[in-house]
1. Would you check if there is a residue in region 136-153 being open to solvent by 70 Å² or more (accessible area, probe 1.4 Å), of a type outside the set (A, V, I, L, M) and in contact with a Ser or Thr (Cβ under 8 Å, 6 or more places away or on another chain)?
2. Select from region 327-374 the residues that are without any contact (Cβ under 8 Å) to a residue 40 or more places away in the chain and of a type in the set (V, I, T) and write down the one among them that is surrounded by the most Cβ atoms within 10 Å (Cβ to Cβ).
3. Within region 299-346, count every residue that is of a type in the set (D, E, K, R), farther than 24 Å from P461 by Cβ and modelled with pLDDT under 65.
4. Which of the residues that make up region 340-391 are over 23 Å from the mean Cα position of the chain (by Cα), among the aliphatic types (A, V, I, L, M) and within 14 Å of H440 (Cα to Cα)?
5. Hey, any hits in region 199-212 for a residue that's in contact (Cβ under 8 Å) with a residue 40 or more places away in the chain, open to solvent by 20 Å² or more (accessible area, probe 1.4 Å), assigned to a helix (DSSP H, G or I) and under 30 Å from N445 (Cβ atoms)?
6. State whether the residues of region 435-457 include one that is part of a strand (DSSP E or B), of a type in the set (F, W, Y) and modelled with pLDDT of 65 or more.
7. Go through (1) in contact with a His (Cβ under 8 Å, 6 or more places away or on another chain); (2) open to solvent by 20 Å² or more (accessible area, probe 1.4 Å) for Q377 and report which single condition fails.
8. What are the residues in region 177-196 that are more than 13 Å from I155 (Cα to Cα) and either hydrophobic (A, V, I, L, M, F, W, C) or surrounded by fewer than 20 Cβ atoms within 10 Å (Cβ to Cβ) (or both), if any?
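The values are calculated or read from the model by the stated rules, or taken from the named source; none is laboratory data. Values in this document were obtained by computation on a predicted structure and should not be read as measured data. Ideal geometry is used to build each Cβ from the backbone, glycine not excepted, and the neighbour counts take in all protein chains shown. For the accessible areas, the whole protein counts, side chains as well, though only heavy atoms, and no ligand, DNA or RNA atoms are used. Shrake-Rupley method; radii C 1.70, N 1.55, O 1.52, S 1.80 Å.
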Amino acid sequence: MNTGNERSVKAILFVLIGLWTIGLLLIMTDPKRTTTRWISSIAFTGGSGGLSAVIHDDLNPMLFDYGMLTEPVANLLAKAETVSSLTCYYGLPYTFLMFAIVYYPDYPLWTFRRRSPWVLLVPVLLSFAFQAKPGDPIPYSYVTWWAVLYITAGIALLAAAVVKERNSFLRRSRLLTFAAAAPPLFFAQFTLYLLPTFFGLYEWWRYNAWVIAFTLAVILVSSFRYGFMGLQISIQNQRIDYTLRAITSGTAILNHAIKNDVGKIRLFGEKIRQEAQSGHTEPAELVADVGVIMNASRHIYEMIDRIQGQTQETALKLEEVKLAGPLGECLRAMAPAFTGIELQEHYACEGLMQGDRAQLTEVVTNVLANAVDAMPQGGTLTVKLTETKRSLVAEIKDTGIGMDKQQLKRVFDPFYTTKNGKKLNFGLGLSYCYNIVQKHKGTMNMDSKPGQGTSVFILFPKKNRRSAGREFI
């Protein structure tokens, strides 16, 4: 084997291992999510083409050199090579199109979504009814037309999903997914189908390895920096959950919750005192202020009830919650702290979900308190509630001092704080919030730059009636 072929085989082997590793990691991260299963299928079907090449170019010659390529072994390897090759040729366009379909934001509204996997599988199965020409691995005259159509449609759907997305955090996620999936599939439709069919060029598929290597690099970089299809979340969860179990007690979290509510009681108590001294007390406003104080005291009681003991984890008592409620209530409760701060609220939906209202209120309070602390000279606080077909998205954005990359990496770590010197600051707020959001099967992410403010994105699944009345530990 010449040097060029050796490099090609090594690249193909690298692609095979890389694709199957990424596919395995993704499916282990979130096996129940449909998009994860389909994108893992892309990795496995694409890697099967690499396996076919390794069997033909590397394994067969190696066994022959060692005198181990007996007739039964050769027949077995030939069948394995054929199966792997067909899995790639037929499976890759199909799994890619199915991923693009279920990844599209409007997919849950499609009336034919349950039938689409079976309908789109028909051209794939019909491929076995056609006979390939001598020397061809597949019947190109039939397969090429549907394979290229599937790949082109899949790329178009991924591009449309990026354009259609209005949430800045979700748009970045979709853009990274497009950057990882579209280039190798666009290249593959030429090397695997168009060039062999119309120009008789059969060996260009070897260059797929270098394009896929670029894709793997995009996935790895994205996984560590931003997250890719939930991969970063899985790694981060393990680290944070382990730390919380090891060093965070129920008492410390309870102290943090009480600190927030005592702050509200103090703010509104001072407000009532000043109004009473000035003689400008309005009965309706007084009743509203007392209501905030009563809600804060009630929340303290509920938080005590949630903490099962000094070292036990926090339990969730799920009920039907409209997320717009806790958002609005927390904003009203913290109104006296918004000195010099312009408040902008945008609620595109009520945010119906299954959640623990007390815990959600604590999460929102913590995030809002951090936003206020980040704007000591005033600024703009923006609170948005939007929805996708499957998720609720709460965004809390400030125009404060922001954070650098090193701070952003550690912001969810227990006992890490950027507010050094402040009394009663335990560095538990965001780690607690992250833990509670995860218990609600949601995700929490932050985007920040020094001097440009911070955006916090909290995603929750929409209401699932089957989970009503259950208690999660």
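1. Among the residues of region 136-153, at least one is open to solvent by 70 Å² or more (accessible area, probe 1.4 Å), of a type outside the set (A, V, I, L, M) and in contact with a Ser or Thr (Cβ under 8 Å, 6 or more places away or on another chain), which makes the answer yes.
2. V364
3. Our first condition is that a residue be of a type in the set (D, E, K, R); within region 299-346, this holds for 302, 305-306, 313, 317, 319-320, 322, 329, 332, 342, 345.
Restricting the remaining residues to those that are farther than 24 Å from P461 by Cβ gives 305, 332, 342.
This time we only want the ones that are modelled with pLDDT under 65, so: 305.
So the count comes out to 1.
4. A358
5. Within region 199-212, one or more residues are in contact (Cβ under 8 Å) with a residue 40 or more places away in the chain, open to solvent by 20 Å² or more (accessible area, probe 1.4 Å), assigned to a helix (DSSP H, G or I) and under 30 Å from N445 (Cβ atoms).
6. The initial filter retains those residues of region 435-457 that are part of a strand (DSSP E or B), namely 443-448, 454-457.
Filter once more, so that each one left must be of a type in the set (F, W, Y): 457.
Of the ones still in play, those that are also modelled with pLDDT of 65 or more are 457.
Checked region 435-457: at least one residue is part of a strand (DSSP E or B), of a type in the set (F, W, Y) and modelled with pLDDT of 65 or more.
7. Tallying (1) in contact with a His (Cβ under 8 Å, 6 or more places away or on another chain); (2) open to solvent by 20 Å² or more (accessible area, probe 1.4 Å), Q377 fails exactly one: (1).
8. Residues of region 177-196 more than 13 Å from I155 (Cα to Cα): 190-196.
If the condition is that a residue be more than 13 Å from I155 (Cα to Cα) and either hydrophobic (A, V, I, L, M, F, W, C) or surrounded by fewer than 20 Cβ atoms within 10 Å (Cβ to Cβ) (or both), then F190, T191, L192, L194, L195 are the ones that fit.
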